[in-house]
Every structure is written in C-alpha cells, then in structure tokens.
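J.: Have a look at the structure that comes next, please.
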Amino acid sequence: DGGITQSPKYLFRKEGQNVTLSCEQNLNHDAMYWYRQDPGQGLRLIYYSQIVNDFQKGDIAEGYSVSREKKESFPLTVTSAQKNPTAFYLCASRSTGSYGYTFGSGTRLTVV
Amino acid sequence: GESVGLHLPTLSVQEGDNSIINCAYSNSASDYFIWYKQESGKGPQFIIDIRSNMDKRQGQRVTVLLNKTVKHLSLQIAATQPGDSAVYFCAEKRKPNAGNNRKLIWGLGTSLAVNP
C-alpha cells in the first residue's frame, strides 16, 4: 500500500541535542511538507520542498533544518537552536497538479 | 449543533444529530478549499474539497457549502456518530499569482465531541 511513514512515533530530546525526524513516502509525490502542531492549535508550516534538492522555509523555520536528497525522503532536524521544540510534528506530501495533502501519522517530540 | 471556528473552537452534539462546523476565510484570492479530520494522536485525513466555482459539494454523510460573498465555508455532517469525534480543519489554497506557491493556509480547527 502506498503511504507516508513518519518515525519514530515518540521521541525524547535532551536540551542541547539535535534530533532528526524521518519522513518517507512511496506515493511518488513531488512536494513534501513539515508542520508543527501545538496542543489545541492548528498547523504551522516549518519547511517545504517541491522538488528534489530544493526546499524553502515556511513560517517557523528557525531552529530547524531539512534536506531533500531523494524524492521519497524529507527528514527534519530539530536543532538545539529551537528553544521550544516540544510539539507534534506532521509530515505531508502532495503530487503535482493535486492540492490535497497526504499526511503521516506524526511524531511527538518531548524535551526532557 | 453549529460552531464558528475561531470564536467557538469546541462543538458538542448528540449522536444522531447533524453537525455544522464553520470556517471563515479572509482572502478572496483563494480558489480551493479542503476539510480535514484529525483524530487524537493521528495525522489529518482528507474529508472533502470544493473549488471556488462551486457553492456546494456532497460526499458520504458530509456536505461542504461555500459562500464566497461572505467568505464562509461550512462542513455539515449528517447523523453524527461517535467516530466523528475529532478536530476538523479547513484549509484554503490561494491562486498562484497571490503567492504561497500552492501551500495550504490552515484554519485553527474546531473540536467536535459526539455524546452518546
């Protein structure tokens, strides 16, 4: 079955550490997105990529970094510069010409 | 039951009743709208979409209404069931010449609680 997979489901980070969240899709979608969701709030765009080897900052990119070396993969690194990283992180993908997003099941990141 | 997303983020309805979830958008350049359902601890799932050249679209137990005059979008769920309990988000896509590169602009969401 085609889909988008995020891992891990739960992640704990010590202060000062960088952590990387995985997002893989086998839908052959060109565009991929990372969102952050805080409790009781909507989705805020961190980074997006419309094609391999290219990505753009979203609305809250500070303290995050991404790469898009393969079409299928769009990992997100939460760096130590992100002062409040505890949140639910969602990855999504979209095919060219379509407007609907397919979402992964999310990664819940907690700073300990 | 009925809600206005930004001012009443929680909607509580009885099982079997119809639910109406509302969403206001501000940009007349938006030409496509989507409703998503997000269950607790999961990613959002597509429910239904509508283009700006339409004012109504029906799916299975759901209907989306678009009123461009007042920039208002609503999602109607018929015969609400406990499995409908979730947060519902509206999202809009703005025309490319208005910027945003086909990114979706998300509403804050409305939490729907279905009472048995």
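The values are calculated or read from the model by the stated rules, or taken from the named source; none is laboratory data. From a predicted model like this one, the values you see are computed outputs, not experimental measurements. Every residue, glycine among them, receives a Cβ derived from its backbone with ideal geometry; neighbour counts consider all protein chains shown. All accessible areas refer to the heavy atoms of the entire protein, side chains included, with ligands and DNA or RNA removed. Shrake-Rupley method; radii C 1.70, N 1.55, O 1.52, S 1.80 Å.
J.: Each residue of the range B:17-24 in order: what ³J(HN,Hα) in whole Hz does its phi give by Karplus 6.51 cos²θ - 1.76 cosθ + 1.60, θ = phi - 60°, with x for Gly and Pro?
T.: Values per residue, Gly and Pro as x: 6, 8, 10, 10, 10, 10, 8, 9 Hz.
J.: In square angstrom, what is the accessible area per residue of chain B with a 1.4 angstrom probe?
T.: With the other protein chains kept in place, chain B gives 50 Å² per residue.
J.: Please give me the summed charge of the neighbours of A:Lys71: other residues whose Cβ is under 15 Å from its Cβ, Lys and Arg +1, Asp and Glu -1.
T.: -2
J.: For the range A:1-47, what number results from the quotient of the Cα radius of gyration and 2.2 N^0.38 Å?
T.: Scaled against compact globular proteins, the figure is 1.37.
J.: For the range B:76-92, take each phi angle, set θ = phi - 60°, evaluate the Karplus expression 6.51 cos²θ - 1.76 cosθ + 1.60, and give the result in whole Hz per residue in order, putting x for glycine and proline.
T.: So the Karplus estimates, Gly and Pro as x, are 10, 10, 8, 6, 4, 10, x, x, 7, 4, 4, 9, 10, 10, 9, 9, 10 Hz.
J.: Report the gain in length on full extension from B:Glu15 to B:Ser40: 0.36 nm times residue separation, minus Cα-Cα distance, nm rounded to one decimal. Can you show the working numbers first?
T.: Details: separation 25, 0.36 × 25 = 9.00 nm, distance 1.90 nm.
Contour length minus Cα-Cα distance gives 7.1 nm.
J.: How high is the FRET efficiency between B:Gln81 and B:Asp31 when r is their beta carbon distance and R₀ equals 45 Å, given to the nearest 0.05?
T.: For R0 = 45 Å, the calculated efficiency reads 0.90.
J.: Here is a further query. Classify the range B:20-97 as rounded, prolate or oblate from the Cα gyration tensor: take a ≥ b ≥ c as the square roots of its eigenvalues, call it rounded if a/c is under 1.5, otherwise prolate when a/b beats b/c and oblate if not.
T.: prolate
J.: Once the dipole of chain A is set up with Lys and Arg at +1 and Asp and Glu at -1 on Cβ about the Cα centre, which of A:Ile46, A:Ser93, A:Gly16 lies farthest towards its positive end?
T.: Selected residue: A:Gly16.
J.: On to the next question. Rounded if a/c is under 1.5, else prolate if a/b beats b/c, else oblate: with a ≥ b ≥ c from the C-alpha gyration tensor eigenvalues square-rooted, which is the protein assembly as shown?
T.: prolate
J.: Tell me, what is the per residue accessible area of chain A in Å², probe radius 1.4 Å?
T.: On the way: 5370 Å² over 112 residues.
Result: 48 Å² of accessible area for each residue.
J.: Here is a further query. In straight Cα distance, which aspartates and glutamates are under 20 Å from A:Lys71, not counting same-chain residues fewer than 8 positions off?
T.: The qualifying aspartates and glutamates are A:Asp1, A:Glu24, A:Asp30, A:Asp54.
J.: On the full set of protein chains, 1.4 Å probe, figure out the accessible area of B:Ile77 and give it in Å² to the nearest 10.
T.: About 10 Å², rounded to the nearest 10.
J.: Straight-line reach only, C-alpha to C-alpha below 19 angstrom: list the lysines that B:Lys68 could link to, leaving out same-chain residues fewer than 8 apart.
T.: B:Lys56, B:Lys93, B:Lys95
J.: A further question on this structure: Can you give me the three principal axis dimensions of the range A:29-110 from its C-alpha atoms, in Å, biggest first?
T.: Per principal axis, max minus min of the Cα coordinates gives 34, 25, 19 Å.
J.: Moving to a separate point now. Placing unit charges on C-beta atoms (Lys and Arg positive, Asp and Glu negative, everything else neutral), compute the dipole magnitude of chain A about its Cα centre in debye, rounded to 20.
T.: Using Cβ point charges on Lys, Arg, Asp and Glu, chain A gives about 260 debye.
J.: Can you give me the C-alpha center-to-center distance between the range A:72-112 and the range A:1-55, rounded to a whole angstrom?
T.: The distance from the Cα centre of the range A:72-112 to that of the range A:1-55 comes to 2 Å.
J.: Residues with beta-carbon under 14 Å from that of A:Val112, excluding A:Val112: net charge, scoring Lys, Arg +1 and Asp, Glu -1?
T.: +2
J.: For the protein assembly as shown, what is the percent of antiparallel DSSP beta bridges, rounded to the nearest 5?
T.: In the protein assembly as shown, DSSP labels about 85 percent of beta bridges as antiparallel.
J.: Residues of the range A:22-38 with amide nitrogen under 19 Å from the 7 Å Cα-to-Cβ point of A:Asp54?
T.: A:28-34
J.: Would you mind calculating the relative contact order of chain A from Cα pairs under 8 angstrom and at least 6 residues apart, reporting the percent as a whole number?
T.: Relative contact order for chain A comes out at 35 percent.
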